2 protein chains.
Amino acid sequence: MITLYYAAHTCSLASHIALIDARADFTAVRISFAADEQRQPPYLAINPKGRVPAMVTPRGILTETPAMLAFIAQSFPAARLAPVGDAFAFAQVQAFNSYLCATLHVAHAHRMRGYRWADDAAAIAAMRRKVPQAVGDCYDLIERDMLKGPWVMGESYTICDPYLFTLAQWIEDDGVDPTRLPRVIDHRNRMSERAHVRRALAEELA
Amino acid sequence: MITLYYAAHTCSLASHIALIDARADFTAVRISFAADEQRQPPYLAINPKGRVPAMVTPRGILTETPAMLAFIAQSFPAARLAPVGDAFAFAQVQAFNSYLCATLHVAHAHRMRGYRWADDAAAIAAMRRKVPQAVGDCYDLIERDMLKGPWVMGESYTICDPYLFTLAQWIEDDGVDPTRLPRVIDHRNRMSERAHVRRALAEELA
């Protein structure tokens, strides 16, 4: 039994979808960012980073989306969510997800969480102004070089797909024109029609 | 045969050490940031992100330190650099490395690469001023909760160790007082005495 701690409209959606894809036995527990629950002692006891997602497994607690997605793929091999036995192919999956985590998501975070990296309001506003360019540059690279199609890694659906879909929810709010990203938007549209994705979104937004 | 593209004083040192740890057959090729080689067409053909590290393998090119380290561990199992067959233990390794990549290294990058996230000089200066706090907060968490000791994951040396060692080179320059991090500094000292680490540093700084 797995417990996923998530917050609506965050990157935890990726792990939520992957757990459904894996047909895992799990419970999803919502953390309210509006109530600042992620910084209260009960949640900090689970994840001292004060962020989502976190996943309680029978062996212990895991955090960090790329690691959680790899854990789900490796723990539920029947779902074939990643080529876990092929070191090179698995590393390509991990490289894509690492780019989403450390470059794209970080670029996006400068819109709402600039306080992590500067204290004064003018600097935080300056960061916010650059988000369309910084996020847009990431998506241009994904559109041109990284998204193989029809799925991120090509013919096989993997743990890269729910992660890209999750971050792609924010394209318009980040000020990036979606018409310059036809392949990313086509991927987002096809993902949004999948039953597992609809189920995860319905649970998170209920 | 593997080719590692690296630049001195960057995170590519982690993969360099791990390749030596793995006893891999590899060549290390230096990219000069001073000459802006990482943004020139020959290197962009290898890594369109314009960053180091990148690794050319017989199967293709890999980027992103956490993925490259996992690839090295999985490709050279005799070196026992990660518990690759244990989904939970491997995810713990990946979670640690993902935190270094997406949170600690990102906090550090605001000292020298603020231009990625804002255009005006005052904002870039404001980011630089917060680096001691943002980087220090990451190390406090590592010191208190994440570094199990004697190695990052406990009794076994893993791919987490060269990565932490690499980023820990920058603690003083990031304005963080090392005396508040006795366990991290002890780890750095023990790493710096290892023959493989000395060899990687000698090659990179020659």
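Solvent exposure of segment B:39-129 amounts to 38 Å² per residue of accessible area, where only protein heavy atoms count and the probe is 1.4 Å.
Note on segment A:12-68: Cα Rg divided by 2.2 N^0.38 Å, N the number of residues, gives 1.12. What is segment B:143-206 by shape, rounded, prolate or oblate, if you read a ≥ b ≥ c off the alpha carbon gyration tensor as root eigenvalues and call it rounded for a/c under 1.5, prolate for a/b larger than b/c, and oblate otherwise? Cα axes put segment B:143-206 in the oblate bin. If you take all other residues with their beta carbon under 14 Å from the beta carbon of A:S32, and give Lys and Arg +1 and Asp and Glu -1, the sum is 0. When the surface is traced with a 1.4 Å probe over the full set of protein chains, B:Y43 keeps roughly 10 Å² accessible.
Note on chain A: with a GNM built from Cα contacts shorter than 10 Å, the maximum mean-square fluctuation among A:N47, A:N97, A:N189 falls on A:N189.
The relative contact order of segment B:87-194, computed from alpha carbon pairs under 8 Å that lie at least 6 residues apart in sequence, is 28 percent. Working from Cα pairs under 8 Å separated by at least six residues, relative contact order for chain A is 23 percent.
For segment A:1-123, the spread of Cα coordinates along the three principal axes comes to 49, 31, 21 Å, biggest extent given first. When the surface is traced with a 1.4 Å probe over the full set of protein chains, A:K148 keeps roughly 100 Å² accessible.
The value for segment B:87-194 of Rg(Cα) / (2.2 N^0.38 Å) is 1.12. Chain B gives an Rg/Rh value of 0.96, both radii derived from C-alpha positions and Rh following Kirkwood. Please work out the Cα center distance from segment B:8-68 to segment B:130-206, rounded to the nearest Å. Answer, in whole Å: 21. Considering every alpha-carbon pair of segment B:82-145, the percent of pairs per 10 Å bin, from zero through the bin containing the longest distance, is 22, 37, 25, 13, 3. Kindly report, to the nearest 10 Å², the accessible surface of A:W151 as traced by a 1.4 Å probe over protein heavy atoms only. My reading of the accessible area for A:W151 is about 40 Å². Annotation: amide H of B:Y157 has no partner in the under-5 Å range at sequence separation 5 or more or interchain, hydrogens built in the peptide plane.
Shape analysis of the protein assembly as shown based on the Cα gyration tensor places the equivalent ellipsoid semi-axes at 29, 25, 24 Å, largest first. Model label sites at A:R80 and B:A45, defined 7 Å from Cα along the beta-carbon direction, differ in position by 3.6 nm.
Taking both sides together, the accessible area buried where B meets A is about 3700 Å² for a 1.4 Å probe. Counting only protein chain heavy atoms and rolling a 1.4 Å probe, the accessible areas of A:E143, B:E193 rank, largest first, as B:E193, A:E143.
The values are calculated or read from the model by the stated rules, or taken from the named source; none is laboratory data. This structure is a prediction, so every number in the text was calculated from the model and none was measured. Cβ: placed from backbone, ideal geometry, glycine included. Neighbour counts: every protein chain shown. The protein model used for the area step is the full one, side chains on, heavy atoms only, and it has no ligands, DNA or RNA in it. Shrake-Rupley method; radii C 1.70, N 1.55, O 1.52, S 1.80 Å.
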